[in-house]
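A.B. asks: The structure is given below, and queries will be raised subsequently.
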Amino acid sequence: MAAYAVLTTASDQPGLLFGLTKVLADRHANISYVDIMSQQDRAAQIYLEFSVDSGIDQVVAELGRVAGVTAVELTPSFAKIYGKRIIIMGGGAQVGQVALGAIAEADRHNIRGERISVDTIPLVGEEELASAVRAVLRLPRVRLLVLAGSIMGGEISKAVEEVRQKGLIVISLNQAGSVPDVADLVVSDPVQAGVMAVMAIADTAKFDIVRQQKRRY
């Protein structure tokens, strides 16, 4: 089935999402992602990514006839625009240095046709970081997490083990605490950690994260 993305503009009212998804269900479309953007000063927008066998023009026309919808626009998917994502979290200074390496390396691969984006969030506190680590799985297109700090352990380590079991790659700076013991890879230099994070998920890099499991650099 061909993959598409559409952005609908509509009035903010009950049943709108049901109406849109019913159109896609009737067309046997496979919905892979939904995002709702609602702001008080403008009309609501609902973004959908889906795959479907039938002609997209007819699907767009039917979406436009849903009650409350004012516009339907075919758009490139987030995967085509922003691609795979890396999340960097931890102490502000360490996060900034990891981002320096990751952004520079991502730029090198993106010029060659990749799409890799880098997101950062400086955070402190065991509870806050553990919650943020677990929440990464709910973010779309995230392939790798870098934990950049000077000391992390306890509940954060439990969260790391949980997300790794669900397929997320985790790189940790060489720091105090138990997080380095449960991460996929430990790197001492923050800039190098950012570079290796990008290389681990880039299709244009010859770097196999599986072969680096539990190593320290």
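A.B. asks: Which value, in debye to the nearest 20, describes the size of the charge dipole of the chain about its Cα centre when Lys and Arg Cβ atoms bear +1, Asp and Glu Cβ atoms bear -1, and nothing else is charged?
C.D. replies: About 540 debye.
A.B. asks: In the neighborhood of residue 116, defined by Cβ-to-Cβ distances under 15 Å, what is the net charge if each Lys or Arg adds +1 and each Asp or Glu adds -1?
C.D. replies: Taking every other residue near residue 116 into account, the sum is +3.
A.B. asks: Could you tell me how far the Cα centroid of segment 85-103 sits from the Cα centroid of segment 190-217, in Å?
C.D. replies: Each part's Cα centre sits 15 Å from the other's.
A.B. asks: Give, as a single signed number, the net charge of other residues whose beta carbon lies under 11 Å from the beta carbon of residue 84, with Lys and Arg counted +1 and Asp and Glu -1.
C.D. replies: Local net charge: +2.
A.B. asks: With no solvent and one point on each alpha carbon, what is the Debye value of log10 I(q)/I(0) for the chain at q = 0.09, 0.11, 0.13, 0.14 Å⁻¹?
C.D. replies: Taken in order of the listed q values, log10 I(q)/I(0) reads -0.46, -0.64, -0.81, -0.88.
No value in this document is a laboratory result; all are computed from the given coordinates. Model, not experiment: these values are computed from the prediction. Cβ sites come from the backbone with ideal geometry, for glycine too, and all protein chains shown count toward neighbours.
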